[in-house]
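K.L.:
Pasting a structure below so you can have a look.
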Amino acid sequence: MTSTAPRSLPEYRPLPGLYDEMVDGEGAPRPHWEHLAGAFARLGVEELRRRQAEARRLLDQDGVIYNAYRESPTPGRRWLLDPLPAVISSREWEAIESGVIERAELLSLVLEDLYGPRQLLRRGVIPPEIVFGHPGFLRQCDGIRLPGAQQLFSYAADIGRDQDGRPVVIADHVQAPSGSGYALENRTVISRVLPSLYRDSHVHRLAPFFRALRAALQDVAPPGVDDPRIVVMTPGPWNETAFEHAVMATSLGYPLVEGRDLTVRGDRVWMRSVGQLEPVDVILRRVDGWFCDPLELRPDSQLGVPGLVEVARLGHVSVVNTLGSSVLESPALMAFLPRVGEHLLGAPPRLAGVATWWCGEEQGRRHVLEHLERLVLRRAARGAGPTAVRGWELSASELAEWRVRIERRPLGWVGQEPVALGSAPTLSEAGLQPRRSVLRAFAVARSGSYVVMPGGLTRVAPIGATAARISNQAGAIAKDTWVLASEPEPMTGFWLQTGPAVEGINPMSSIPSRAAENLWWLGRYAERAEAATRLLRAVQDRLADFEGSANAAGLESVRALLAALTLTTTTYPGFVGDGAEQRLEAPGAELLDLVVNDRRPGTLAHSVRSLRDAAYGVRDQLSRDTWLVIGPLERAISELHGPVQDPHAYVQAALQQVMQSLLALGGLGIESMVRDVGWRFMDAGRRLERAIQLVSLLRATVTDARGTAADSLVLESVLGAAESIITYRFRYRSHAQVETVLDLLLLDAGNPRSLAYQLDRLTEDLDVLPTPADVRLRAEQRLVLEAYTALRVADPGSLVVSGADGRRPELDAFLARMQESLVRAGDAVDAAHFVHLLPTFSQLGPAGSEPSIVTAS
């Protein structure tokens, strides 16, 4: 190390023989790193760790996740972000940027030719086997063109460095290039964690790229469409990059749709919004091409839109990237891009790809067979088995076996020279360590050429220098990528526009039916979780008072509340079915299971998980603040798994945290959401579920007359669980009666927890939803009106009369009718407003085949 290095850098040792982003071969900071290296030296490792923890907290708050398919198919893998940015000088970025643009233009020409005249194949520039043998070449999409000069709408290149520091393209991504949304999130977090450094470093902003993307989507609309309707098409919330899909939709201001949200009618694509169909002109797809149309492409796909290819062929919808573009991702094509560049542009691409040999050619096959022990062997197309085989990791017998396999099927394999990959400083448990890194650069077609995001998504190996694969599926760590400006960056592409006022979209019909359904269930599961939490707290309080005591009335009230817990949550057998006596004697295990078991319908954990799933399904509809609530909500329950010393104390603390989060979520819905159709469905779901839960609770507790002492305790707990105990005490002082309890909880329209209040609000929400012209009252409106009418004419005094057996039959029958009407109203909402498509099957599909999870590149 030289004496000129900052004082913290002697502990940083670059990997021998490799290019390091921060320091040169002598250990001195590179010129564009000097300011940052000195700043990090002054901060020190401990402060960097504190900033790293802050970055992790911000990512958790924003709910940033990446779904790894090898794990449980639920959201939850944390997005890993290093606090140290990847830094690129302005001069070096100019070379990378121009190389990415040239490469994108070249691939666009190739795409246009392959689905047009195919001169590159006729003239032998590209072997036909590479194209026709690749599953990404979709013959059904022949002749489909996008408006404008560029047929490749978006492009991403994975770029590494060789031993001399020269950038090398490792892979081209054109199917549905992912990562730009994560790059935006990285920038948001790191600019907060290192605000002074970010400001003083004059980093190029990312916002202009997304403005360019938005303008490009408008430009690619079919001819004659001046104000195109644009959607972002996702495989769904369980896709690996579903978070990014929602970020893109939110940032661009377009609906996030799944295939089932779209339909083809009359040579047009339409979005199934609530109560009507809305035209769609442009689809920014994040679904792999062969899944996009089960009618013409993959017949077992449940992710696509039947008839989409035909509409695109007619030019009535623009799908970007173009269907069939993934053929350009073939590793075999990389072997011929230098030749293609010379043919089309007069020179090979300046930004070179990794040296590649296709085994389908005699010369290439001979080279691969002779040097297999030092090459990376890859499939020319996706298929079963390993995607990459590293020759240096194979034994002599294994090398011999692979040579035989290549000889048997040479068209399916390519050999590539391994790229050493340069390293970047990364914060680890041991301090700053060099980790091999890859940059993904993004480009979008604009004004006849391409606009490149200044920076991109940098990822480093998760386990240091020995990591052979850098990918999110393998646990890579992300970095914000800073391109340093040589001069102040001009402000361009302003969002604010002058001119005539633009007509807004009708807020009562602007979301897909699927999104409305998810918001409906978000509201219902939030109320279900709150009702379970309140009753669990009431039970815990009574147990604290009487468990183990000889107080007969207290024990009877505990047993009544435990039974009510099972009846309202429907978690049978629980405290009423087989084995109930044993569980009533020792209720701790059953109560804990009701809190933590997310696989058991009706439990608190199951409601919270379902709430989370519904929220992920409409992430584009919810504000960032929502994830400040949902994260702690999940963690409060997950922390109860495993052995705990005092289950009662842990459960009480968890219930308190859950209640705080649910109240915060309710507050967000009241104060932060526009009263559009989505909010109406969410609020209607809340009101219906609160009404059902209240009726269920009353039916489980007050339809039996017990002794005065036991009933007093039960009624007190019921009022507490219904959040009405303070009002009741203030209003009725010490004169508690079942009749007045029913008056407050059922009939008092001024009590926001009463049944009357819920039906008032539910009626208001349902009345503003779309209604067919020939229908006066929809089924759910009629059912709610009937329930409300029965409630208004009910007489609590006659309902509470008990028989000789202690039962209150009139009250039980009334509550049963009310419960049935509310459940039927919920079913009617589902039938009237939500679309449930049956799976599509085709006799042309392979027997026994199952849909695969889509993994956009």
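The values are calculated or read from the model by the stated rules, or taken from the named source; none is laboratory data. Keep in mind it's a predicted model, so treat the numbers as computed, not measured. No Cβ is skipped: glycine too gets one built from the backbone with ideal geometry, and neighbour counts run over all protein chains shown. Quick note on the areas: whole protein, heavy atoms, side chains included, nothing else; ligands and nucleic acids left out. Shrake-Rupley method; radii C 1.70, N 1.55, O 1.52, S 1.80 Å.
K.L.:
So, SER623, is that one assigned to a loop (DSSP other than H, G, I, E, B) and of a type in the set (Gly, Ala, Ser) or not?
P.N.:
yes
K.L.:
Here is a list of conditions, (1) surrounded by fewer than 16 Cβ atoms within 10 Å (Cβ to Cβ); (2) more than 43 Å from the chain's Cα centre (by Cα); (3) at pLDDT 95 or above, and LEU742 meets all of them except one; can you say which number that is?
P.N.:
(1)
K.L.:
Is it the case that GLY304 is of a type in the set (Gly, Ala, Ser), closer than 30 Å to GLY63 by Cβ and without any contact (Cβ under 8 Å) to a residue 60 or more places away in the chain? Spell out how you get there, then give the answer.
P.N.:
On the way: of a type in the set (Gly, Ala, Ser): yes; closer than 30 Å to GLY63 by Cβ: yes; without any contact (Cβ under 8 Å) to a residue 60 or more places away in the chain: yes.
In short, yes.
K.L.:
Sticking with this structure for a sec: Just name the residue that is nearest to the chain's Cα centre (by Cα) out of those in the stretch 564-590 that are at positive phi and open to solvent by less than 60 Å² (accessible area, probe 1.4 Å).
P.N.:
Checked the stretch 564-590; the qualifying residue nearest to the chain's Cα centre (by Cα) is GLY574.
K.L.:
Scan the stretch 663-677 for residues that are of a type in the set (D, E, K, R) and either more than 18 Å from ASP765 (Cβ to Cβ) or part of a helix (DSSP H, G or I) (or both) and jot them down.
P.N.:
Within the stretch 663-677, GLU671 is the sole residue that qualifies.
K.L.:
Then there is this: Does at least one position in the stretch 641-650 carry a residue that is open to solvent by less than 50 Å² (accessible area, probe 1.4 Å) and touching a residue at least 40 places away in the same chain (Cβ under 8 Å)?
P.N.:
no
K.L.:
From the residues in the stretch 803-819 that are open to solvent by less than 60 Å² (accessible area, probe 1.4 Å) and of a type outside the set (A, V, I, L, M), which one is nearest to VAL695 (Cα to Cα)?
P.N.:
Residue satisfying both the conditions and the ranking: GLN819.
K.L.:
Does at least one position in the stretch 767-779 carry a residue that is at negative phi, in contact (Cβ under 8 Å) with a residue 12 or more places away in the chain, in a helix (DSSP H, G or I) and open to solvent by less than 20 Å² (accessible area, probe 1.4 Å)?
P.N.:
No, the stretch 767-779 contains no residue that is at negative phi, in contact (Cβ under 8 Å) with a residue 12 or more places away in the chain, in a helix (DSSP H, G or I) and open to solvent by less than 20 Å² (accessible area, probe 1.4 Å).
K.L.:
Here's another thing I want to ask about it. Every residue in the stretch 77-90 that is closer than 13 Å to PRO167 by Cβ and of a type outside the set (Gly, Ala, Ser), please.
P.N.:
ILE88
K.L.:
Restricting to strands (runs of 3 or more DSSP E) lying wholly in the stretch 292-397: which have 2 or more residues that are more than 32 Å from the chain's Cα centre (by Cα)?
P.N.:
The qualifying strands (runs of 3 or more DSSP E) are 356-358, 376-379.
K.L.:
Tell me which helices (runs of 4 or more DSSP H) are completely within the stretch 175-257 and hold 3 or more residues being touching a Pro at 6+ places or on another chain (Cβ under 9 Å), or say none if there are none.
P.N.:
180-193, 207-219, 242-252
K.L.:
Could you tell me how many of the residues in the stretch 223-233 are touching a strand residue (DSSP E or B) at 6+ places or on another chain (Cβ under 9 Å) and open to solvent by 10 Å² or more (accessible area, probe 1.4 Å)? Steps first, please.
P.N.:
Start the filter on the stretch 223-233 by keeping residues that are touching a strand residue (DSSP E or B) at 6+ places or on another chain (Cβ under 9 Å), which leaves 225, 228-233.
If we keep only those that are open to solvent by 10 Å² or more (accessible area, probe 1.4 Å) too, we end up with 225, 228-229.
Residues flagged as touching a strand residue (DSSP E or B) at 6+ places or on another chain (Cβ under 9 Å) and open to solvent by 10 Å² or more (accessible area, probe 1.4 Å) within the stretch 223-233 amount to 3.
Quick grid of which residues meet (1) open to solvent by 50 Å² or more (accessible area, probe 1.4 Å); (2) over 22 Å from ALA183 (Cα atoms); (3) charged (D, E, K, R):
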residue: ARG13; (1), (2), (3): yes, yes, yes
residue: LEU18; (1), (2), (3): no, yes, no
residue: GLU21; (1), (2), (3): no, no, yes
residue: GLU34; (1), (2), (3): yes, yes, yes
residue: ALA41; (1), (2), (3): no, yes, no
residue: ARG49; (1), (2), (3): yes, no, yes
residue: GLN52; (1), (2), (3): no, no, no
residue: ALA55; (1), (2), (3): no, no, no
residue: LEU59; (1), (2), (3): no, no, no
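K.L.:
Would you pick out the residues in the stretch 591-601 that are under 13 Å from ARG528 (Cβ atoms) and open to solvent by less than 20 Å² (accessible area, probe 1.4 Å)?
P.N.:
Scanning the stretch 591-601 gives a single hit, LEU594.
K.L.:
A further question on this structure: Going through GLU401, GLU342 one at a time, which residue ends up being more than 30 Å from LEU109 (Cβ to Cβ) and open to solvent by 10 Å² or more (accessible area, probe 1.4 Å)?
P.N.:
Result: GLU401 is the single residue among GLU401, GLU342 that is more than 30 Å from LEU109 (Cβ to Cβ) and open to solvent by 10 Å² or more (accessible area, probe 1.4 Å).
K.L.:
Would you check if THR789 is among the polar types (S, T, N, Q), in contact with a Leu (Cβ under 8 Å, 6 or more places away or on another chain), part of a helix (DSSP H, G or I) and within 24 Å of ILE692 (Cβ to Cβ)?
P.N.:
no
K.L.:
Could you say which residue among ALA749, ALA736, ALA721, ALA710 is touching an Asp or Glu at 6+ places or on another chain (Cβ under 7 Å) and in contact (Cβ under 8 Å) with a residue 24 or more places away in the chain?
P.N.:
Selected residue: ALA710, the only one of ALA749, ALA736, ALA721, ALA710 that is touching an Asp or Glu at 6+ places or on another chain (Cβ under 7 Å) and in contact (Cβ under 8 Å) with a residue 24 or more places away in the chain.
K.L.:
Hey, another quick one. Answer yes if at least one residue in the stretch 615-624 is closer than 28 Å to ARG699 by Cα, modelled with pLDDT under 90 and either open to solvent by 10 Å² or more (accessible area, probe 1.4 Å) or touching a helix residue (DSSP H, G or I) at 6+ places or on another chain (Cβ under 9 Å) (or both), and no otherwise.
P.N.:
No, the stretch 615-624 contains no residue that is closer than 28 Å to ARG699 by Cα, modelled with pLDDT under 90 and either open to solvent by 10 Å² or more (accessible area, probe 1.4 Å) or touching a helix residue (DSSP H, G or I) at 6+ places or on another chain (Cβ under 9 Å) (or both).
K.L.:
Is it the case that some residue within the stretch 93-116 is without any contact (Cβ under 8 Å) to a residue 24 or more places away in the chain and surrounded by fewer than 21 Cβ atoms within 10 Å (Cβ to Cβ)?
P.N.:
yes
K.L.:
Within the stretch 704-730, restricting attention to residues that are farther than 20 Å from GLY806 by Cβ and surrounded by 14 or more Cβ atoms within 10 Å (Cβ to Cβ), which residue is farthest from the chain's Cα centre (by Cα)?
P.N.:
Looking at residues that are farther than 20 Å from GLY806 by Cβ and surrounded by 14 or more Cβ atoms within 10 Å (Cβ to Cβ), I get TYR728.
K.L.:
Can I ask one more? Can you name every residue in the stretch 163-174 that is open to solvent by 30 Å² or more (accessible area, probe 1.4 Å), touching a Gly at 6+ places or on another chain (Cβ under 9 Å) and assigned to a loop (DSSP other than H, G, I, E, B)?
P.N.:
Passing the criteria: only GLN163.
K.L.:
Do we have ALA443 as under 27 Å from PHE243 (Cβ atoms), of a type in the set (A, V, I, L, M, F, W, C) and not in a loop (DSSP other than H, G, I, E, B) here? Full working, then the answer.
P.N.:
Details: under 27 Å from PHE243 (Cβ atoms): yes; of a type in the set (A, V, I, L, M, F, W, C): yes; not in a loop (DSSP other than H, G, I, E, B): yes.
Spelling it out, ALA443 is indeed under 27 Å from PHE243 (Cβ atoms), of a type in the set (A, V, I, L, M, F, W, C) and not in a loop (DSSP other than H, G, I, E, B).
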